[in-house]
Every structure is written in C-alpha cells, then in structure tokens.
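To start, the structure itself, in structure tokens.
Throughout, read-outs are computed from the coordinates displayed, never taken from laboratory work. Being a predicted model, the structure only gives us computed values, none of them experimental. As a convention, Cβ positions derive from the backbone with ideal geometry for all residues, glycine included, and neighbour counts pool all protein chains shown.
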Amino acid sequence: MDSDLSDAVLKMITAQRCGTQLTGDFPHPACHAGRALIWGTDGYLKDCTGGWHDAGDYGRYVVPGAKAVMDLLLSGRADALDEARWELDWMLKMQNSDGGVYHKLTCRDFPGFVMPDQETEELIASPVSTAATADFAGVMAFAASIFHEKRYLVPAMMAYVFLIANPSIIPFFNPEGMVTGEYSDSCDKDERFFASCALYCATSNPYFMKKARSLYDMDFASQGDWDCMGIYGLLCLIHSRKRPDLKWNAKADILSRADELVCIAELNPFKAALSTYRWGSNMEVTDNGCLLMEAFRISGKEKYREYAKKQLDYILGNNAQKMSFITGFGEKSPLHPHHRPSEAMGKPMPGMMVGGPDQHLQDPYALENFKGLEPCMCYADELASYSTNEVSVYWNASLFRLITMLENNG
Ligand SMILES: [Zn+2]
C-alpha cells in the first residue's frame, strides 16, 4: 500500500481548514474569520470560526461533516484523530443554548472561483435541524468515548435533550434568498439511532440502548451516503467494548450486507460494488469497501478483504475511464476538478477523490454531453461537471478510512 496516498488524501482535508492561515502549495490568509449572523434573530452575531470547507465551495455543513468525522475517527490513525478534532471543535460553536445545532454555515450564494479568504459576503448560520442535532450528538459522543473528554460529552447530552424535546423531525430547507448546498434530509430516524448508540457507548446508560432498540431498522447496514447514518450507530456498537444484545444484530447485519455487496461486485464489469451510478458514486464504492473490511474484521474471511481491495482498485484505475479518480495519483488522473482553490491556483490539489460517474445527468455539462451514454461512462474531467468532478471532505474521509483499513488489514 502506498502510504504517500493515504497521507495525501488526509492532507487534502487539512487543506480544507477554514478560519486559519494555510501555508504550502495552496496558501491563503485566515478566511471567514468574522462572526456569523444567526438566521431568524434580530442581528445576533456568533463566533462560528473553524471547521472544514465542505467541498469545491466554502460552505461548512454539520451533516456531511459528521460523516467525515466518523470515518476519520474510525480509521484510528493518530493524525486523522487530530484532524477530526478541528471539525469537532467548530461543531461545538454551531450549538445553540437549547442544545439544537445549526444545520450549516454559508453565505447566501456561491462565490466565484477565488481563494477562500476572498469570499467576504455575510456569513449566516442557518436554522437548527434534528438531523444536524442528532449527527452532532453522535459524533460528540463517539469522540468522548475515544478522547475521554467532557467537553465533547456534555454538548452531546445537551443535543440529545433537544431531540427528546423535539420528537418529530425538524427538517431543513434553505432560508429564503439562500442558494448554497442544502443537504436536506427527509428522515432523521437513522441519525437518532446513531446518536443513541454513540451515547450508550460513551455513558453505559441503558436509557440510550432502549432508545436505540426502538429506532433500530434492519436495513441500516445497506443504506449509505451522508443522509444515512444508521450504519455508524452499528459501528459504534461493534467498535465499543460494550456488549449489548444489539451488537450481535449489528455484526449479522454487516455480514449479510457484505455478502450482498460481493454479489453486486461480481456482476459489475470492474468488480465495483455498484449497481447504479449516482452523484458521488465513488464514495459509494469506498463506503462499500469499508463495509467489506468491517466484515473481514468480524469474520476473518479473506473473500471480504479481497473484494474491499477491488473497490480501491476501481478508484485507482480499474474503471470505464481507465483513470485514477484521485488527483495526482496514477498515470492519468483528474486535472480539472470542481474545486475553487485548484482553479484559483491553476493546478489540481493532489489527493482529492472526485465524485465519479453519475448517470442522472445533474449539471448542465452532463445534460449536454452525456445523453445516451452507458451509466458508467457519465463522467468528464471538466470543471463545469460538478455532479461528476467535484470533490468533498466526506468523500476523501471515506477513501482515507478504506486505505487505512487495507493498510492495517482490518
Ligand atoms: Zn474559510
């Protein structure tokens, strides 16, 4: 395994840090250093500095950020744990005094292709959602069980208090006049399950296990993406030393999903565990690789590791494009990722995994150029094709976890 690769993949996440001066090949002074307007208040400003720019733009989002934090924490690598703290410490600032967590922090619109310190429009903390609050409770509780720090556990409990007081979903939609990424989630049951499992692991309080049981869904292991956090609840139970009944469900669910993924991969010409190609299909591949490695850890069955390795092979070049989907690695790799610092500096930042083929033609370039193509061919190394050639911290975090699991054999 190429350790330069895992280092570069993690380094990209560090380079997405907000609110601090960065040196190196993509330098900029501290960006987004001012206080943010809390939407719906009469001009109340709050310090919400820090965190990571989510993707090719400079928005900061609690929900996908939580997925990235979990993958870094689960990787267990010391430098990744440190990087996760950068986002966790920002998330702490996104909590309201009643325990609820603001969904996101962005300007009203996307900036041009400039460096982050040149985005100087008003910063706005969007309203609280239960998905963001439950994800916050989950990652803070899991972090508390790793770092043994009250400064993560108490806010996690306060977020859970908010969830109990608000048993129905508080969905998120962009406030009027805002057009930045929405990350709107129509179901918060999986996030509440994740929060309950993580808090059980952090506190041993049986109340949380009772709640987790009432929220449990046997499909959690087969659902993926930033809006499906049930799998992370199962992983909290598996990786914790606690021994609840659910742990056995969790292991069985993961093994059963791994068997399905092997079948799906067998029928894919590149042995990718994909049956369709959606926005961010490459993360689906790396997430599935991680699940296969979890199955290998549980069972010791070589077949699962073998198929996990095939998922990384797909990302590195065994795909319809015959190219590496990670900038700077492989003979042919993306040169024009949809990523503002890369465009502003005139060179692709290395170590970034692009989204990959998306058969649903979700940007004007794709609509114009991909009509009639096979699903696996719906990709272009073009700045304009943001639905296939953008990057994000949570895609990189998933890739990082897969690489480190393969490096460590589990
Ligand atoms: Zn910034």
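Can you figure out the FRET efficiency of Leu367 with Glu176, using R₀ = 25 Å and their beta-carbon distance, to the nearest 0.05? Numbers along the way, then the final one.
On the way: r = 27 Å, r/R0 = 1.09.
After rounding to 0.05, the efficiency reads 0.35.
Counting pairwise Cα distances across segment 262-410, what percent come out greater than 22 angstrom? Please list the in-between numbers first.
Details: 4030 of 11026 pairs.
In whole percent, the long-distance tail amounts to 37.
Please tell me which of these pairs span more than 29 angstrom C-alpha to C-alpha: Lys67/Lys303; Lys104/Lys303; Lys11/Lys332; Lys211/Lys271; Lys150/Lys303; Lys104/Lys271?
With Cα atoms farther than 29 Å apart: Lys104/Lys303; Lys211/Lys271; Lys150/Lys303; Lys104/Lys271.
Tell me the relative contact order for segment 1-90 as a rounded percent, counting alpha carbon contacts under 8 Å between residues six or more apart.
Details: 96 pairs, mean separation 21.1, N = 90.
About 23 percent, as a whole number.
Return the distance in nm (one decimal) between the two label points of a simple spin-label model at Asp4 and Thr203, each offset 7 Å from Cα along Cα→Cβ.
Simple spin-label model gives 4.8 nm for this pair.
For segment 7-16, in order, what is each residue's ³J(HN,Hα) by Karplus, 6.51 cos²θ - 1.76 cosθ + 1.60 with θ = phi - 60°, in whole Hz (x at glycine and Pro)?
After applying 6.51 cos²θ - 1.76 cosθ + 1.60, I find 4, 5, 5, 6, 4, 4, 5, 4, 6, 8 Hz.
I need the calculated FRET efficiency for the pair Asn409 and Glu374, taking r as the beta carbon distance and R₀ as 45 Å, to the nearest 0.05. Kindly include the intermediate steps, with their values, before the conclusion.
Details: r = 35 Å, r/R0 = 0.78.
The pair Asn409/Glu374 has a calculated efficiency of 0.80.
Dipole of segment 3-408 (Lys/Arg Cβ +1, Asp/Glu Cβ -1, origin at the Cα centre): which of Ser126, Gly43, Val262 lies farthest to the positive side?
Projecting each Cα onto the dipole axis, the largest value belongs to Val262.
Step through the residues of segment 236-242 one at a time and calculate ³J(HN,Hα) from phi using the Karplus curve (6.51 cos²θ - 1.76 cosθ + 1.60, θ = phi - 60°), rounding each to whole Hz and writing x for Gly and Pro.
Residue by residue, segment 236-242 yields 4, 5, 5, 7, 7, 7, 5 Hz.
What does the charge count near Glu284 come to, summing +1 for each Lys or Arg and -1 for each Asp or Glu among other residues with Cβ under 12 Å from its Cβ? Intermediate results must be reported in sequence, preceding the final value.
Numbers: positive: Arg278; negative: Asp225, Asp287, Asp358.
Neighbourhood net charge equals -2.
For Met345 and Asp89 in one chain, what is 0.36 nm times their gap in residues minus the Cα-Cα distance, to one decimal in nm?
Values: separation 256, 0.36 × 256 = 92.16 nm, distance 2.87 nm.
Computed gain between Met345 and Asp89 is 89.3 nm.
If we count other beta carbons within 10 Å of each Cβ, what is the order of Ile164, Ile146, fewest first?
Working: Ile164 11, Ile146 16.
Fewest to most other Cβ atoms nearby, the residues stand as Ile164, Ile146.
In what order do Asp188, Asp117 fall by count of nearby beta-carbon atoms within 10 Å, going from fewest to most? Mind showing how you got there, number by number?
Working: Asp188 26, Asp117 16.
The most exposed by this proxy come first: Asp117, Asp188.
Contour minus end-to-end for Ile164 and Leu37, with contour as 0.36 nm per residue of separation and end-to-end as the Cα-Cα distance? Display every interim value, and only then the final one.
Values: separation 127, 0.36 × 127 = 45.72 nm, distance 2.69 nm.
Using 0.36 nm per residue and subtracting the Cα-Cα distance, I get 43.0 nm.
Cut-off 17 Å, label point 7 angstrom out along Cα-to-Cβ of Ala252: give me the residues of segment 202-243 whose amide nitrogen falls inside.
213-222, 234-235, 237-238, 243
Listing Met218, Met345 from the residue with the fewest other Cβ atoms within 10 Å to the one with the most, what is the order? List each step's numbers first, then the result.
Numbers: Met218 11, Met345 15.
Least to most surrounded, the residues fall as Met218, Met345.
So if I place +1 on the C-beta of Lys and Arg and -1 on the C-beta of Asp and Glu, and nothing else carries charge, what would the dipole magnitude of the chain be about its Cα centre? I want it in debye, nearest 20.
Details: 38 positive and 53 negative charges, 312 e Å.
Computed charge dipole of the chain: roughly 1500 debye.
Rounded to whole Å, give me the distance from the Cα center of segment 267-287 to that of segment 340-410.
If we compute the Cα centre of each part, the gap is 12 Å.
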